[in-house]
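A.B. asks: Structure provided below as structure tokens; questions to follow.
What follows draws every value from the coordinates through simple rules; no lab data is involved. For clarity, every value in this text was computed on a predicted model and none was experimentally measured. Heads up, the Cβs are rebuilt from the backbone with ideal geometry, glycines too, and the neighbour counts pull from every protein chain shown.
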Amino acid sequence: MFRPIQALLSTKRSNKRAITLTYDVIAVLISLYLAMSLRLSDWMFEITIRELASFAVTALVTIYTFIRLGMYRAVLRYLMLPALGNIFLAVMLSAVALSISGFFFQSFIPRSVPLIYTGLGILLLGGPRILIRTLYYHYYKRKKPNVFIYGAGATGRDLAYALIHGSEYHPVVILDDDISKVGQIISGLRVHHSSEFESLQSLYKPLKLLLAINNISKGDRLRLVDKLSDWPIAIQSVPSVEDIAAGKASSTEIRDLEIGDLLGRAPVEPDHKLMAQNITNRVVMVTGAGGSIGSELCRQILQQEPKCIVLFELNEYNLYSIDRELKKLIENTGSNCQIASVLGSVQRQNRVEKVMKKYAVETVFHAAAYKHVPLVEDNIVEGIRNNVFGTLATAEAAIHAGVKNFTLISTDKAVRPTNVMGASKRMAELVLQALADRQTETIFTMVRFGNVLGSSGSVVPLFKEQIRKGGPVTVTHPDIIRYFMLIPEAAQLVIQASAMAHNGQVFVLDMGEPVKIHDLARRMIHLMGMSEKSENEEESQEGDIEIHFTGLRPGEKLFEELLIGDNVEGSSHPKIMTAREESLSWGEMNKLLDVLDRCCHDFDVNCIKQVLLDAPTGYSPQPLNKCTLPT
């Protein structure tokens, strides 16, 4: 039964239009003939040239109305109520045309015929269209996996409509917590209360649950996701209103849950005055612009309407990616900001200085750094060259180019570091503090924060990949904890801290409560619709994903300390604090840098570590960690 319809739907568009138009002409003529026959109770009534003229005019008016209403541009398989309304309107107009033409041509058209014709015309013109759409829908929905939609608001309605006409998923149920919406029918789907999930799941066997709620507060969304994380089903969501407005996604695009939902914390809204202070109508330069933090800084900076953003990046592909993304955002938002993309290394002071002078840079965010602890531990010389001497070269270039504000993106690992990466970032802070004492034209600021979810070095992308491959999910230690923050939130706080700065200040960001990595892994496994394998051998076959403990890596702490040091003061922003840190004069710092430079030149790792120990970094290297793990 479906083969002729499938053949019709797969033919060329021009052929479909010709077939549909031919059928409509025949259907109109048959409707007219049947209307006359029913009225006269005679199947062999006499038709004169006058009646034929009226029939021809009626058919022409009907086809012309269909064309004007776009009926031959509509796709039959997606036909819905608006198209049926157009059919009703066209037939009504043709019935009027039948009556008027009968009057002008003096043809024999009884007064009840137009009414009979109206009913027959709607049936013959609309019936096949409805039939084709119904057969197509029921044929193809069998090939699509069932899904539930959570949310009966505007987003849920749009999603249900799109999925019904799409080819990926078949929505069968809409869930909601609002009692007043229960029982409503949306696009043919009944709204059920969320408490009915278990019974509905056993009935429909859905592949996943699609979260279609964007009009609730961050706190309510976090509580909702926390509740859903206990449900044995994979959960995905539709994009936020902000992403849709910015052109980053469509309203029906389905994606994994946002990283903020996994984190379980709601960010503080930024102070827009602080966000704009060092950016609006200024030329802003971001080093490491293609990295996780650098690229998000660029996105946040663009929203504050700078004159120009200078993207400085060593990696060609990363630079290309952020350049293309920002230019697309500018096109979508109508911004007048200019983008300058520059390839280069922060270690080449002359190159950086020339770029700053060429574009008259006023504000710099220095995000370029090597941040991966084990890699820097294995490549100490390059880590020191990039993190310490790269910061020195960029800062000296900023001074010579007359930059007004220079902000270093630092890390919580700079507090009493146990690894070279953390010690190198603390040395970079000391360099800027010494430069702040040496001059006053450029304001140097340092901002420390911890791990950011979703960055290139974050555990979240790694865990997702491992879960999709069937596991195991690797966690270094069952008790390891970390402080986490969303990349957009971290970037906003960095920008605000930069605006609050006095020369040489070290700012630290309030990261909230620490997150146990083991709990984060388990949460992700459940939200992706799987279960954790039990440690009990007898029950291990019941789970899907195993969590495997690998042991702490070289230089890795079990418990990261808070970002703040020992002497902390609040600020005007609830999430930003200042730390009073020991610093060196430029003369003392310069001597240490000379020794460190010679050590790097000679590739003398022990010498480098000794300099880090002699400097007020708090560096306390640890031997290779060996932890006793559960068997």
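A.B. asks: Under a 5 Å amide H to amide H cut-off, with H placed in plane at 1.01 Å, what residues pair with I547 once short-range neighbours are removed?
C.D. replies: V473, K533
A.B. asks: At a 10 angstrom cut-off on C-beta neighbours, averaged per residue, how do the peptides 337-346, 410-419 rank from highest to lowest?
C.D. replies: Peptide ranking by packing, descending: 410-419, 337-346.
A.B. asks: Which of K354/K413; K371/K404; K208/K533; K307/K357; K328/K371; K273/K358 have a Cα-Cα distance over 24 Å?
C.D. replies: K354/K413; K371/K404; K328/K371; K273/K358
A.B. asks: Provide the FRET efficiency to the nearest 0.05 for the E588-L343 pair, computing r from the beta carbons and using R0 = 35 Å.
C.D. replies: Efficiency at R0 = 35 Å is approximately 0.50.
A.B. asks: Something else: Multiply the residue gap between H272 and S620 by 0.36 nm, knock off their C-alpha separation, and tell me the result in nm, one decimal place. Working shown, then result.
C.D. replies: Numbers: separation 348, 0.36 × 348 = 125.28 nm, distance 4.00 nm.
Contour length minus Cα-Cα distance gives 121.3 nm.
A.B. asks: Would you mind ranking M356, M427 so that the residue whose beta carbon has the fewest other beta carbons within 10 Å leads the list? Mind showing how you got there, number by number?
C.D. replies: Working: M356 24, M427 28.
Ascending number of Cβ neighbours within 10 Å: M356, M427.
A.B. asks: For an R0 of 60 angstrom, estimate the FRET efficiency from the Cβ-Cβ distance between K307 and L52 and round to the nearest 0.05. Could you put the intermediate results ahead of the total?
C.D. replies: Details: r = 74 Å, r/R0 = 1.24.
After rounding to 0.05, the efficiency reads 0.20.
A.B. asks: Using per-residue counts of other Cβ atoms within 10 Å, averaged over each peptide, order 272-278, 197-203 from highest down.
C.D. replies: Numbers: 272-278: 17.1, 197-203: 13.6.
Descending packing order for the listed peptides: 272-278, 197-203.
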